[in-house]
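K.L.:
This is the structure I want to talk about, given as structure tokens.
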Amino acid sequence: MQGKFLTIEGAEGVGKTTNIDFIRQYLTSAGIDFIATREPGGTPLAEKIRELLLDAKQTAVSADTELLMMFAARAQHLAEKILPALEKGQWVICDRFTDATYAYQGGGRGIDTQRIAQLETWVQGSLRPDLTLLLDVPVELGLERAGNRSEPDRFEREKIDFFQRVRACYLERAAQEPQRFRVVDAARDLIEVQARIKQVLDEVIGA
Ligand code: Z5A
């Protein structure tokens, strides 16, 4: 049986890393065979592309170059890691996937959604996540939480209106596909956020 494909999304500082740790522990205790991975990245080649994409010294990256590099990394990630795991029946927990491309390169950079959709079909065929957890916090709170980090990367250097467009795009996508998305109010205390995530995971485990 094909494994489940779960993606975790959200704008800056929503707590993906923190909550993915929780998801790992919960799935392990539930006896689910899974791998956890991330985008951009997840394989040696895709991690090299990630380094270039996040490098704050690369100040002249065009929006199209950024978009194509995201999908180049994704094509490798799918071929080398995601598809083989799903075919073996493992669940794949992925920290960001193509919804991030719609949100950052579409919403943030203003690339036409149709171009992103063409690349999505080219690279993924009909593969889409079974479920997407969208962690949502007001942009100001997310930036405040993320602000405690040391050196900002190329995306973290963007201005607040960029992240507002990213958040709006994520929420719009979630409203368009309510059967796939579960929006979690991640502005709440971590205990409440994780109780909601547990509820969603129980729903998938029981399905
Ligand atoms: N990107 C793109 O443009 N297009 C694409 O297609 C893809 C990606 C796939 C790297 O992603 C960049 O790639 C990303 C978009 C772009 N750039 N940005 N921005 P990333 O996922 O690696 O980068 P990130 O957004 O910085 O994720 P992160 O490191 O996982 O950060 P996070 O989601 O904010 O997680 P966190 O470190 O767990 O939380 C931040 C802080 O908040 C931390 O101190 C926590 O302790 C705290 N926290 C978390 N939850 C709570 C609650 N509930 N209460 C209080 N404090 C909390």
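K.L.:
Kindly provide the trypsin sites (Lys or Arg not before Pro) of region 128-207 that DSSP labels as loop, not H, G, I, E or B, and whose Cβ sees at most 12 other Cβ atoms within 10 Å.
P.N.:
Answer in residue order: 149, 157, 159.
K.L.:
Under a cut-off of 26 Å between alpha-carbon atoms, report the lysines in cross-link reach of residue 81, not counting same-chain residues fewer than 8 places apart.
P.N.:
4, 16, 48, 198
K.L.:
Ok, one more. If I model a spin label as a point 7 Å beyond the Cα along the Cα-Cβ vector, how far apart are those points for residue 160 and residue 114 in nm?
P.N.:
The answer from the label model is 3.5 nm.
K.L.:
Then there's this: Under a Cβ-Cβ cut-off of 12 Å, what is the net charge of the residues other than residue 184 that fall near it, where Lys and Arg count +1 and Asp and Glu count -1?
P.N.:
+1
K.L.:
Express the relative contact order of the chain as a whole percentage, based on alpha carbon pairs under 8 Å and six or more residues apart in sequence.
P.N.:
It comes to 34 percent, rounded to a whole number.
K.L.:
Sorted from largest down, give the three principal axis spans of the alpha carbons of the chain, whole angstrom values.
P.N.:
Rounded to whole Å, the extents work out to 46, 37, 33 Å.
K.L.:
Further question on the same structure: Do you know the relative contact order of region 96-182, to the nearest whole percent, from alpha carbon pairs under 8 angstrom that are 6+ apart?
P.N.:
Answer for region 96-182 is 49 percent.
K.L.:
Same structure again: So which aspartates and glutamates can residue 57 reach, going by Cα to Cα under 19 Å and dropping same-chain residues fewer than 8 places off?
P.N.:
47, 66, 151, 153, 156, 158
K.L.:
While we're on this one: Please compute, over every Cα-Cα pair in region 114-207, the percentage with a separation greater than 21 angstrom.
P.N.:
Distances greater than 21 Å cover 49 percent of the Cα pairs.
K.L.:
Multiply the residue gap between residue 47 and residue 202 by 0.36 nm, knock off their C-alpha separation, and tell me the result in nm, one decimal place.
P.N.:
Separation in residues times 0.36 nm, less the Cα-Cα distance, equals 52.7 nm.
K.L.:
Tell me, 121, 37, 18, 59 in order of fewest to most beta-carbon neighbours within 10 Å?
P.N.:
59, 121, 18, 37
Each reported figure results from applying straightforward, stated rules to the coordinates on display, with no laboratory input. Remember, predicted model here, so these are calculated numbers, not experimental data. Neighbour counts are summed over all protein chains in view; Cβ atoms, including those assigned to glycine, are modelled from backbone coordinates with ideal geometry.
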